[in-house]
Amino acid sequence: MFARSILAVVLSLWAINSSATLKIEITEGAAGAEQVAIVPFGWAGAAKPKEGIASIVSADLHRSGRFNPVAERDMLAKPTDPQQINFKNWRILEIPYLVIGQVQVEPNQNHTIVVRLYDVFRQTELFGKKFKAKNFQLRAVAHQISDAIYEELTGERGAFSTKLAYIKKLPKTAKTDYRYLLFTADADTHNERLVLRSKNPIISPAWSSNSKKLAFVVVRNLGSSIYIYDDEKNESERITQSREKFSAPAWSPDLSKLAVQANRDGGSDIYIIDLKSGKRQRVIEHWSIDAEPIWSPDGGSLIFTSERGGSAQLYQYYFDNKQIRRLTFEGRQNLRASFSPDGKMITFVHLSNDRKYYIAVMDMETLEMRMLTKPSHQETEHESPSFAPNGSMVIYAANYQNQRGVLAAVSVDGGVHQRFSNEMLGGEVHEPAWSSFLD
Amino acid sequence: MKQFLKWAVVLLPILWLIGCGGTPEKKDDTVVVEPKPVVEEKIVEEKIVEAPPEENPLLKELKIYFDFDKSDIKPEFKAIIEAHAQNLAKNSNLSLKIEGHCDERGTTEYNMALGERRAASVSKMLTLMGASASQISTVSFGEERPEKEGHDESAWRWNRRAVFVYSE
């Protein structure tokens, strides 16, 4: 006698609340954060929206930890046009960089945005750019402006026009028939888009290297299965059966395969699934736990967590000679590695001898390990680190003041720490995954 | 020279703008795609049965607990597993699913593996004590289904567990 039931998993564009945003608090700033004044843009042809482009750009640059945007109330003047600029007004405040802009709105809602960046002390324009956008594209334009300013002033590509994926977990007391929600969002957590909500646990979102697909796992009462969400088609497809018990998907750089963990027979192993043929191949096998594979950006190796040495540590497997080398030796455990986009570093979870979970990084050439975070009595257990696409920051999930699932980020030099305080949701945010550049 | 610079400041951006009129432009033709439902596999749920009342009282014990990061069975739970092993041996129509669970510490996927190992370690002992392997299945929920909410050992000790789910 079997009771049949279909577990409904609903996919929709619906978001809990379009104003669902995470506030950001810089908990520890870099000493050398550069001052920059982003003057509110001039608007012609339409009323200025509540949240202007300048304030989005200011928030972006602030969040990077590299800049300290000037508050609007501290500005002595608010030029919107090059002729209105009096560099003295900025020099006197010792503000080295100035950004001004104008938005021209035509009756058909086409916006033309002109933005200029100035070096105050040299009194020169560093760039002038023009953008065209519809209403709903203004946030995207603001992020492109942030990218341009960041790149001009740091020499490094900005990561503001990128995406995050994360999982929200609602409390047991939630009166909904689902508790797990998978979202994608802009890098500043605006524009949340629901990928999937489910009463069953959703875990392990992983972006493909072109940021167009997201692999993830749903855990059910027979086992876990892997799904692939296509961000362009807005569709999800299950690619493995529950009874196969696959989890922890990681994309090959050429997108043709997934490395996964098979939770079977007591000791999990690492398999490769060919997405075209569907063929499964076991590549790493041991009686103890082998888990959490990730693909090196050059495609030549996998890094995974294994207990083959007695405690969970990171190992690297090379496809060409099938050799395995151990990477970590310090601390009680080292788990769940994630590569920097250039492949030169990994970030991972380090369980210290005093039983606290930190975020660490390792230089893949020297195998030197360095702690990025240090849990305090308020902020304990750091998990799920993921590099920004420009390699400048690592985003992770933390426990904060007895709350689980608080998003936080740290610069790769360890200098800037920030926390994204989640005000509107009773739920926890888990497993943030930062996309690569979108082009 | 000073005069020239002053003009350059004003003119250069204008020239720049004329030069590359429509620099980074966003396309207007964004198509909003309606969502399609995920095609779900049909899942057969077991009918959960209870042990007959005259049986060994230990059969009412459907959970055993583990130490942090461990999957070996503590001596105090061996009698419970033995009772279930004998029950399965006597009733070949019964199936037992063992769920493995972890506390919230450690990474999500490592805990998926650890939960499976806990379930497998119970399964192995059941077969050593007389149950048939074909009667037993295992599944891991990792850290996703805690028994007790809470972020210290008072909750964690109840969450590191294996749960017995009978069906026929």
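The values are calculated or read from the model by the stated rules, or taken from the named source; none is laboratory data. These numbers come from a predicted model, not from an experiment. Cβ placement follows ideal geometry from the backbone for every residue including glycine, while neighbour counts extend to all protein chains displayed.
Brief remarks on what is shown
- Single unsatisfied condition, residue A:396 versus (1) within 14 Å of chain B (Cβ to nearest Cβ); (2) surrounded by fewer than 22 Cβ atoms within 10 Å (Cβ to Cβ); (3) aromatic (Phe, Trp, Tyr): (2)
- For the stretch B:125-143, the set of residues classified as facing chain A (nearest Cβ under 7 Å) and either of a type in the set (S, T, N, Q) or without any contact (Cβ under 8 Å) to a residue 40 or more places away in the chain (or both) consists of B:140 only.
- The stretch A:165-180 - residue that is surrounded by fewer than 23 Cβ atoms within 10 Å (Cβ to Cβ) and outside any loop (DSSP other than H, G, I, E, B) and, of those, modelled with the highest pLDDT: A:180
- Residue count for the stretch A:107-145, restricted to those that are touching a Lys or Arg at 6+ places or on another chain (Cβ under 6 Å) and charged (D, E, K, R): 1.
- Test: residue in the stretch A:79-88 that is assigned to a helix (DSSP H, G or I), out of contact with any Lys or Arg (no Cβ under 8 Å at 6 or more places or on another chain) and within 13 Å of another protein chain (Cβ to nearest Cβ): yes
- Complete set of residues in the stretch B:125-157 that are closer than 18 Å to residue B:71 by Cβ and touching a Phe, Trp or Tyr at 6+ places or on another chain (Cβ under 7 Å): B:147, B:157
- Single match in A:174, A:250 (criterion: under 16 Å from residue A:294 (Cα atoms), in contact (Cβ under 8 Å) with a residue 40 or more places away in the chain and either among the hydroxyl-bearing types (Ser, Thr, Tyr) or more than 9 Å from every other protein chain (Cβ to nearest Cβ) (or both)): A:250
- Test: residue in the stretch A:353-362 that is within 19 Å of residue A:253 (Cα to Cα), out of contact with any Gly (no Cβ under 8 Å at 6 or more places or on another chain), in the same structural domain as residue A:397 (by TED's automatic domain parsing) and not in a loop (DSSP other than H, G, I, E, B): no
- The residues of the stretch B:57-101 that are outside any loop (DSSP other than H, G, I, E, B), within 14 Å of chain A (Cβ to nearest Cβ) and among the small types (Gly, Ala, Ser), listed by number, are B:95, B:100.
- In the stretch A:182-203 there is at least one residue that is within 11 Å of chain B (Cβ to nearest Cβ), in a loop (DSSP other than H, G, I, E, B), within 19 Å of residue A:239 (Cα to Cα) and of a type outside the set (Phe, Trp, Tyr).
- Here residue A:366 passes the criteria (1) under 30 Å from residue A:179 (Cα atoms); (2) not in a strand (DSSP E or B) except the one numbered (1).
- Matching residues in the stretch A:74-94 - criterion: being out of contact with any helix residue (DSSP H, G or I) (no Cβ under 9 Å at 6 or more places or on another chain) and not acidic (Asp, Glu): A:80, A:84, A:86, A:87, A:88, A:89, A:90, A:91, A:92
- Number of positions in the stretch A:305-357 that are touching a helix residue (DSSP H, G or I) at 6+ places or on another chain (Cβ under 7 Å) and in contact (Cβ under 8 Å) with a residue 40 or more places away in the chain: 2
For (1) crowded, with 23+ Cβ neighbours inside 10 Å; (2) closer than 14 Å to residue A:313 by Cα; (3) charged (D, E, K, R), each residue gets a yes or a no:
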{"residue": "A:345", "(1), (2), (3)": "no, no, no"}
{"residue": "A:350", "(1), (2), (3)": "yes, yes, no"}
{"residue": "A:363", "(1), (2), (3)": "no, no, yes"}
{"residue": "A:368", "(1), (2), (3)": "no, no, yes"}
{"residue": "A:381", "(1), (2), (3)": "no, no, yes"}
{"residue": "A:385", "(1), (2), (3)": "yes, no, no"}
{"residue": "A:388", "(1), (2), (3)": "yes, no, no"}
